[in-house]
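Comments concern the structure below.
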Amino acid sequence: MFCEFHKLLFARSIRMVVPYEDQTFNSLRNRCRQNKVLFEDPLFPATDQSLFYQRNHIGNVVWKRPKELCQEPHLFVDGLSAHDLHQGQLGNCWFVAACSTLATRDSLWQKVIPDWQDQEWKNDQPDLYAGIFHFRFWRFGEWADVVIDDRLPTLNGKLVYCHSDDPSEFWSALVEKAYAKTFGCYEALSGGNTADALVDFTGGVSQTICMEDSGAKDQMEKQAELFLRVVKVHERGGLISASIEASGAAEMESRLSNGLVKGHAYAVTAVRHVRLGHGLLAFFKSNKLEMIRLRNPWGSSEWTGPWSDSSAEWKNVSQREREKIGVVVQNDGEFWMTFSDFIANFTHIVLCRLINTSYFSLHKTWEEVTVHSSWRRHDNALMNRAGGCINNKQTFLQNPQFLFDVSKAEDEALVSLQQRDRRASLRQGRGENLAIGFEIHRVEVNRKYRMHAPQQRVANSPYSNARSAFLRVDLKKGRYVIIPTTFEPNLEGDFLLRIFTDVPSHGRELILDQPPHTCWTGLCGFPSLVTQVHVLEGKELGANNTYVTVRCEGRSIRSPVHRQTRTPNFDIKAIFYRKDASRPVVIKAYNREKLCDSFLGELRLSTESGNVNDTLHLQAEGGRLNATLTVVMVTSATLTSI
C-alpha cells in the first residue's frame, strides 16, 4: 500500500521531465551503441574543470570507468540501502545524508534513478553497454533528466568521492556525479544544505526547525508535539535530516565526547515507539519509548550515550522487538537514541514533506498553486519589483504580490518560497544565496489589484540566506496576499512560490495596480475614486445568526454568518473603484433564517464627507435602532493609494 500510494503521489509530480542541457539519454545511448563507442560527456568532461573551481588541491586524479575498477560492476548489489554509501574527500555530508534517507524509500529513489534495471550492467550482453547513465532531480519546479558518462575520479585506484561499501556497487558515485554536473563541478557540493538536496530528490517542501526556537528543548508538551510531527512526516514517506550547529569554522565536523559530530548532517532513518519489557507482560503494559534512528554519512563515529548499539539499555527490549526495529550492533554509522536525548543534543531538524496532490490517495490531498516570478529593479516605482523587506517602508509593497483565497472557516496553508539555486555561479564568485522571506496579509474579500498600503499582517517567515523559506499557518476564511521579498532592496533574482491548501485557493499573481483602461471605460467612464470599507463588529443586533452585506455602485460583498452571538466580530473588508462620489456606500445587516433571512437594519455612508472611523447606529424601517456597527471607511482620489 505504501509503495502504491507513492506511485500515485509522484504520477502528477513527474509528468513533465525535461532533458538537462538538451541531452536526451535514449538518443545518445543509441548513437553510442550504433558506433560501438563508450559515451564521453562533452558538457562534463573528465578534466579538472569538472572537479574544481580553479585549482586541483587533491593530487593526480585519474578518471576511470567502473570496469577499470572491478571485474563485474553493478548499480546495486543486494538492493539499495542507507548503508551503501560513504562520504569521500568532499565536504558534502549534506548530500550524502540526503542520499541515505532517499535509500530508505523505494518509491523515491526509483524516481531519481529511473528505469534502473535497464541501466544496470548486463554481463551476458556486453555490447549493449554504452558507458552512459541518467538521473532525475527536481530543479526549480520541474524534473530534469541529467545525462552523464561513467568516468569517475580516482586516486591510487580508489574513488575520490562518494562510494559504496561494496567496491563493485556504483549507484552512489554516479548519482553524485550527475548532481555535481548540475552545479558545474564537484567542488560546488562542498558545504550545503540537506534541506535543498531533499527537495531536489523529491519535489517536496522542506522545513528546517530550530530546537531552541520550537520550545522542544525545555517544554515537554512542545517536545511531544514535535515527535508526532516527525512521526507523521516519516510515515507519510517524507525525508528527514538533523544536525548540530557549529559556532564557527573551527568547530565544523568536530567530534564531541558522546560520539556526535558538530556541523555535520545526519540522516534520520527511523522514528517510532519502541516497546519495553519482555513477553506478554510487556505487551499488556504497553510501556513504550519515543525513539529515533540516525545515520552518520561517514559510516562510523556513532552516538555513545544511552541506547547506543551495545549499551545496557537494550536489555530492557525483547529480542523480538529488537529484530523488528532492526537493531544492529556494529560500527556502521547508524544508531538509536531516545527522542529526548535527540532534542537535547541536536540543534536542527529538517522535515521534507511529500505534498500529496493525487485525488486517488487514501491520505489527505492538497491543492497546489505554483507560480514562477522574479525580483527586478526599475526606476518607476509602479514597475519596480525589488522593494526589500518591511523595513523599507517606501518600497516594500513594490515587490511581487500573489493573491489566494481561503474558502473554509479555517484552513491549514503551507507556503514555500524558493530562489533559483546559485551554487552553479560559485565559479564566478556570485554563488551566495539572497536573504529571502515573505509576509502574508489579509486583504479585502474582493481585491483584484495590487496592494498599495499595508493591510492586516497575519503571518511571516523568518529571513535567511537559505535557498528556501517555508511556513505552515492556519488561516481564517478570507482573501490573502503573499509578498515574497529579499531582505535588502534592489536585489534581483528568480523565485518559485508554492501554496498548498485543503481546498482550491485560486492563487495568482497580482499584476495590475488599478482597473485598466478599455474600450468600455471610454463609453461608461473610468473610476475616479477608490474606497475601502472595513466592518469591524456589531453590537446588540437583536439576533443570533447575523451577517452583513456591503454594496457600492452596483457591486456588493457578503460576510460569513456569525452564529450564536449578538456581538459578532465581522472583521470584513471590501474595496470599490468608483465613478460617482455622490452615491452612498450601503451596509445592511441580516439574520439567517430557515426559510427567508430577516432584515435587521442598514447604514448609508456618504463618501463626500470624508473618511469614517466610528461606531454607528443602524437604521430600520421604523427608525433608529440601538444596534450598532463599527466601521472604518477610507476614500481616495488616487487609485493606487490603498
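The values are calculated or read from the model by the stated rules, or taken from the named source; none is laboratory data. Nothing here was measured: the structure is a model prediction, and the numbers come from that model. We place every Cβ from the backbone using ideal geometry, glycine too, and count neighbours over all the protein chains shown.
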message: Take THR615 and tell me if it is loosely packed, with under 14 Cβ neighbours inside 10 Å, part of a loop (DSSP other than H, G, I, E, B) and in contact with a strand residue (DSSP E or B) (Cβ under 8 Å, 6 or more places away or on another chain).
response: no
query: Tally time: how many residues in the stretch 573-591 are among the polar types (S, T, N, Q) and assigned to a strand (DSSP E or B)?
result: 1
statement: Within the stretch 618-635, the count of residues that are surrounded by fewer than 16 Cβ atoms within 10 Å (Cβ to Cβ) and touching a residue at least 24 places away in the same chain (Cβ under 8 Å) comes to 2
- line: Output for Cβ contacts, cut-off 6 Å, separation at least six or different chains, first residue hydrophobic (A, V, I, L, M, F, W, C) in the stretch 505-524, second not in a loop (DSSP other than H, G, I, E, B), reads LEU510/GLN401; LEU510/LEU403
query: Taking the condition modelled with pLDDT of 90 or more, surrounded by fewer than 22 Cβ atoms within 10 Å (Cβ to Cβ) and in the same structural domain as LYS181 (by TED's automatic domain parsing), does GLN110 pass?
result: yes
task: Among the residues of the stretch 305-343, write down those that are surrounded by fewer than 17 Cβ atoms within 10 Å (Cβ to Cβ), under 33 Å from the mean Cα position of the chain (by Cα) and closer than 20 Å to ASN287 by Cβ.
output: LYS324, ILE325
query: Does ARG320 qualify as being modelled with pLDDT of 85 or more and either assigned to a strand (DSSP E or B) or of a type in the set (D, E, K, R) (or both)?
result: no
query: Name the residues in the stretch 232-244 that are outside any strand (DSSP E or B), under 13 Å from ARG353 (Cβ atoms) and hydrophobic (A, V, I, L, M, F, W, C), would you?
result: VAL233
statement: Note on the stretch 540-559: residues of a type outside the set (Ser, Thr, Tyr) and surrounded by 15 or more Cβ atoms within 10 Å (Cβ to Cβ) are LEU541, GLY542, ALA543, ASN545, VAL548, VAL550, ARG551, CYS552, GLU553, ILE557, ARG558
Cβ pairs under 7 Å, 6+ apart, first in the stretch 60-87 and of a type in the set (Val, Ile, Thr), second part of a loop (DSSP other than H, G, I, E, B): VAL61/LEU51; VAL61/VAL160; VAL77/ASP166; VAL77/SER168
message: Can you list residue pairs whose Cβ atoms sit under 8 Å apart, with the first residue in the stretch 38-53 being within 16 Å of TYR179 (Cα to Cα) and outside the structural domain of HIS134 (by TED's automatic domain parsing) and the second being surrounded by fewer than 20 Cβ atoms within 10 Å (Cβ to Cβ) and at pLDDT 95 or above? Count only pairs 6 or more apart in sequence or on different chains.
response: none
task: For VAL445, state whether it is outside any strand (DSSP E or B), in contact (Cβ under 8 Å) with a residue 24 or more places away in the chain and touching a Lys or Arg at 6+ places or on another chain (Cβ under 9 Å).
output: yes
query: Pairs, please: C-beta under 6 Å, at least 6 apart or cross-chain, first residue in a helix (DSSP H, G or I) and in the stretch 105-133, second among the acidic types (Asp, Glu)?
result: none
task: Would you check which residues across the stretch 19-39 are surrounded by 13 or more Cβ atoms within 10 Å (Cβ to Cβ) and either among the aliphatic types (A, V, I, L, M) or under 21 Å from GLY157 (Cβ atoms) (or both) and list them?
output: LEU28, LEU38
Of all residues making up the stretch 74-84, the number that are closer than 15 Å to CYS162 by Cβ and over 33 Å from the mean Cα position of the chain (by Cα): 0
task: Check THR607 against each of (1) surrounded by 18 or more Cβ atoms within 10 Å (Cβ to Cβ); (2) assigned to a loop (DSSP other than H, G, I, E, B); (3) out of contact with any Pro (no Cβ under 8 Å at 6 or more places or on another chain) and name the one condition it does not meet.
output: (3)
message: What's the total number of residues in the stretch 592-604 that are modelled with pLDDT under 90 and either closer than 19 Å to ASP571 by Cβ or part of a strand (DSSP E or B) (or both)?
response: 0
statement: Counting only residues that are within 19 Å of SER559 (Cα to Cα) and either more than 42 Å from the chain's Cα centre (by Cα) or in a loop (DSSP other than H, G, I, E, B) (or both), the stretch 620-641 contains a total of 2
Boolean, THR501 is within 30 Å of ARG376 (Cα to Cα), hydroxyl-bearing (Ser, Thr, Tyr) and without any contact (Cβ under 8 Å) to a residue 24 or more places away in the chain: no
task: Kindly indicate which of ILE244, ILE240 is surrounded by 21 or more Cβ atoms within 10 Å (Cβ to Cβ) and in contact with a Ser or Thr (Cβ under 9 Å, 6 or more places away or on another chain).
output: ILE240
The one condition in (1) aliphatic (A, V, I, L, M); (2) touching a Lys or Arg at 6+ places or on another chain (Cβ under 7 Å); (3) under 23 Å from TYR480 (Cβ atoms); (4) crowded, with 21+ Cβ neighbours inside 10 Å that VAL535 fails to fulfil: (2)
query: What do you reckon, is LEU595 touching a residue at least 12 places away in the same chain (Cβ under 8 Å) and either hydrophobic (A, V, I, L, M, F, W, C) or more than 21 Å from GLY478 (Cα to Cα) (or both)?
result: no
message: When you check ASP332 against the structure, is it within 17 Å of PRO297 (Cβ to Cβ), in the same structural domain as GLY259 (by TED's automatic domain parsing) and either free of Cβ contacts under 8 Å to residues at least 40 places away in the same chain or part of a loop (DSSP other than H, G, I, E, B) (or both), yes or no?
response: yes
